[in-house]
Ligand SMILES: [Mg+2]
Ligand SMILES: [Zn+2]
């Protein structure tokens, strides 16, 4: 297991806690009415408030508060009836106010927990320490000019949820599973689009090592880890670095380190020298945020079924395995698609067609489920034709390929191409008799004990009927006649 | 002209560290204020006096007193999530010491 | 009417004259522009806007002709240069903003313009509102129009931070002015200049567009030469603003109607014994006694009350205000606006920009605040001061169970010479000893000129009210005003003008 490192002096356990910044899905910023949508002309989505012009004041976005509460509920966490916005003071060109409005001593969401899925179908519970609301910074571009940096404040002031985990994660795989699960939950809730490439979700990873079961070691915080893969690589690199230092007789200093994706290493961030002195204090421009319990309860009423609940229900109600259930619930749209295919039909068959056929071919074409040429109703129609013996499973695959290419209903394709299965026993018996008569040598060999030849006869019959003969009837007739 | 000499009880013996030049220097750096050694020296006693002056608060027993951040007796009002602002690029940049192609420009930040 | 007589009218008198067509808004405004030109040696203005004033005055006359006049239609007003005014330079009396032209308007100034007020210009103040003399302005000291009879050559401070606002109103360069009050910055300069000024309850007026000094203490207010004028102006700037989360959605009473002729019969007036501080000058004590007697004579009931924690207001303020200021002023970094001094790298650019852009007193407060908030001292300073803040407010709330308003002195002295106290911040801070606790408690407070001292300088008295009860404050102030019958004029205007 990669949660243990073998060093010269023995085994080391990797201990990880994560701080995930997730941009809140909302129309406008946390404290201003400017657009929070990604991508636009520089400084075009900036209000006087976002640019921290003299005399400007923050006003809190109600929907962002609702989204944070919804997320907290989705993380099985306690919602704090009173929370306080504080200022985190530091200077940086993309931080216009000279402070970030964040929450510190009194976050909106407290302790919670989620389950992560491990390779062998195991699950592990990971504690959530807190979730708080805060402003995003703007963006500095350092590569446009030899001696200048360019600043764009479009993102400045967008609402972020900082979600902090307990140091419950062990090794890169668990960290990756945590990040994936968290992303899945946020997407289910509709509170963050989870798009790591566009920076809607960013992870800071706290890594330390210790002798298994020993006291926690000193941690380093790694910033700028912007994909699940990078998280894994950064943890592997950083934990090995720490073990090497300790085994060489050194000590780990608590510090902020930057993940360099091109070099594949972490390095110390000297620019964070003031980092330990943010001078937090309650923002005097904002009063404490007080939430009504009845309102919190009403948000709870509107929560969708979450991934873990859905997975357990799929296993129980549909009799699916943990793995298939896990794949089906990975995206809400996928689970919904499956459920509408499975409605009133054989669930395992539905799961099989969605997972192995439809997702397979979509994946090959680099398409998402919402771009599928085959609707859930159409896929259900195809399954119905198999179940009522209109077509065989084999023909169904051809029909499926046709549906994928043309978006036509299965029944229509079967009709147009005359693929309806022959179930007339008399007609099939005639063909069986012809085949037996035409192959006396093989008949003799079969009867002499060459059982394998049975398939040859089936094949011949199917060939004669253009594949349309009901395979069960063919089998039964051949068995009877070849005795 | 009469000036009030003191209407404040004398401060208790100091429990907090005194302002030394090194501390003044650190605070100036944290506040991003450039200061010559001479300036640091002239600020030091003034800051120290102010800190000594405010230290008299320590004589009041405030156990169990809830800190008061803001006196206003109203609840925080929230804004609806509707687009009402932005699209002001020209105005946002109008007072900028340096800008180009819609960006603010600053001396290069080295990470 | 002559220019001189026009500039001596109260706002209420002027509005009557305007509506009776005795003179036009343009004439009335021009009289003040001329007075401004004649008194430039007082250094009241950072930016004069006579062109805007005359245009607005002409528009006002047109409105009035159509019968559409607002509450302050045609009244020229001076604006403290801490209110952002769209298209008009707004400096906070600092070097860093000496070229700053806002693209937006503060809520308070837009409200007076909506009522038809005319902008004379932006007046001087202590840089970022930090000071009690205007001595920390990057645009030089403003001088008090008053001179003492004993040393008439000595220039006196007008008080601060809103010293430009009080000086222009006292010098008859404007009938009214806007100011802000974080620790006494309206009431103390009003007292030094012998005029009236009110700081309303925290949350009564929007802070949107007002350059912040200490957000939890800053509050806009007004200066005028009569209590009634203050009531009228306050009415026009008050009210809820969704753009300021600390502004209260409370109905705004008709403050003018609430004056009730200054009737204080059966009003319970509290006299807090802790305001009688050690070393208080005789003349201050006398003025206080006089005020008490005036109210008593008019039928008020005098109640002795105690505010045991009020003596800690000054040290609590000098932690809380610098803490908030150190953070509020972090935005002045030379990146998006303001004067930038380039250094060898970004950090040095920040440090040079801010060191050059801020006055000494501003830097001092930023340093104190930065230190007090920094790791290890937060609880000992900031949290402790906040606890005292609660105790101080609780003291006042308890006192208001026994009385309706409080009467206190407003300054520990009359206006003092320019340059005095400058080297000793603590001495300077003591100037605010009677005013500062109101900001911590968020209470409304008003200065009324009471009398002249032996040197012929004005002394004021302070009325303090319950939160949201400016009406009673104004009524009690009107009662004092009637009894005091203060008519003295600043020396520079000639004592013969009095009467
Ligand atoms: Mg963090
Ligand atoms: Zn954060």
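What to note about this one:
- Here the peptides A:121-133, C:451-463 are ranked by packing, the mean other Cβ count within 10 Å, and the order with the highest first is C:451-463, A:121-133.
- Residues A:318, C:202, arranged from fewest to most other Cβ atoms within 10 angstrom of their Cβ, appear as A:318, C:202.
- When each of the peptides A:227-235, A:154-162, C:350-358 is scored by how many other beta carbons lie within 10 Å of its residues on average, the order from highest to lowest is A:154-162, C:350-358, A:227-235.
- Angle in degrees between helix A:393-406 and the longest Cα principal axis of chain A, rounded to the nearest 10: 50 degrees
- At an R0 of 56 angstrom, the distance between the Cβ atoms of residue A:479 and residue A:229 translates into a FRET efficiency of 0.55.
- What the Cβ-Cβ distance of residue B:38 and residue C:394 gives, at R0 = 45 Å and to the nearest 0.05, is a FRET efficiency of 0.50.
- Highest average first, the peptides A:182-189, C:416-423, A:376-383, C:431-438 ordered by how many other beta carbon atoms sit within 10 Å of their residues are C:431-438, A:182-189, A:376-383, C:416-423.
- Cα gyration tensor, the range C:152-196 - rounded (a/c under 1.5), prolate or oblate: oblate
- In nm, spacing of pseudo-spin labels at residue C:40 and residue B:101 (7 Å Cα→C-beta vector): 4.7 nm
- For peptide A:321-329, the mean count of partner chain Cβ atoms within 10 Å of a residue's Cβ comes to 0.
- Computed extension gain for residue A:365 through residue A:292, at 0.36 nm per residue and net of the alpha carbon distance, reaches 21.4 nm.
- A prolate overall shape is assigned to chain A, the ratio a/c of its alpha-carbon gyration tensor axes (a ≥ b ≥ c) being 1.5 or greater and a/b exceeding b/c.
- Within chain C, helix-based [θ] at 222 nm, where runs of 4 or more DSSP H residues each add -39,500 (n - 2.57), nearest 500: -11000 deg cm²/dmol
- Take each residue of peptide C:88-99, count the partner chain Cβ atoms within 10 Å of its Cβ, and average: the result is 1.
- Anisotropy class of the range A:83-147 from Cα gyration tensor, a/c 1.5 cut: oblate
- Rounded to the nearest 500, the 222 nm mean residue ellipticity of chain A from helices alone is -11500 deg cm²/dmol, with -39,500 (n - 2.57) taken per DSSP H run of at least 4 residues.
- Going by neighbour counts of Cβ atoms within 10 Å, the residues C:151, A:44, C:215 line up, fewest first, as C:151, A:44, C:215.
- Two-site label geometry, residue A:397 and residue A:302: point separation in nm, points 7 Å out along Cα→Cβ: 4.7 nm
- Relative contact order of chain C, taken over Cα pairs closer than 8 Å and 6 or more residues apart, is 17 percent.
- Label-point gap, in nm, between residue A:452 and residue B:52 - each point 7 angstrom along Cα→Cβ: 10.5 nm
- The value of relative contact order for the range A:425-481, using C-alpha pairs under 8 Å at least six residues apart, is 45 percent.
- Cβ neighbours within 10 Å from other chains - mean over B:54-66: 6
- Between the helical axis of A:425-438 and the longest alpha-carbon principal axis of chain A there is an angle of about 70 degrees.
- For chain A, the longest principal axis of the C-alpha atoms and the axis of helix A:62-74 are separated by about 60°.
- As a rough footprinting exposure proxy, the listed residues C:28, A:323 were ranked by other beta carbons within 10 Å of their own, and the order from fewest upward is A:323, C:28.
- The range A:304-417 pair-distance distribution - Cα-Cα, 5 Å bins, rounded %: 2, 12, 24, 23, 18, 12, 6, 2, 0
- Based on C-alpha pairs under 8 angstrom that are at least 6 apart in sequence, chain A has a relative contact order of 14 percent.
- Per-pair calculated FRET efficiency, R0 = 22 Å: residue C:487 and residue C:21 via Cβ, rounded to 0.05: 0.20
FYI, it's all coordinate maths here, none of it is from the lab. Just so you know, these numbers come straight off a predicted model, no measurement behind them. Methodologically, a virtual Cβ is constructed for each residue, glycine included, from the backbone with ideal geometry; neighbour enumeration extends over all protein chains shown.
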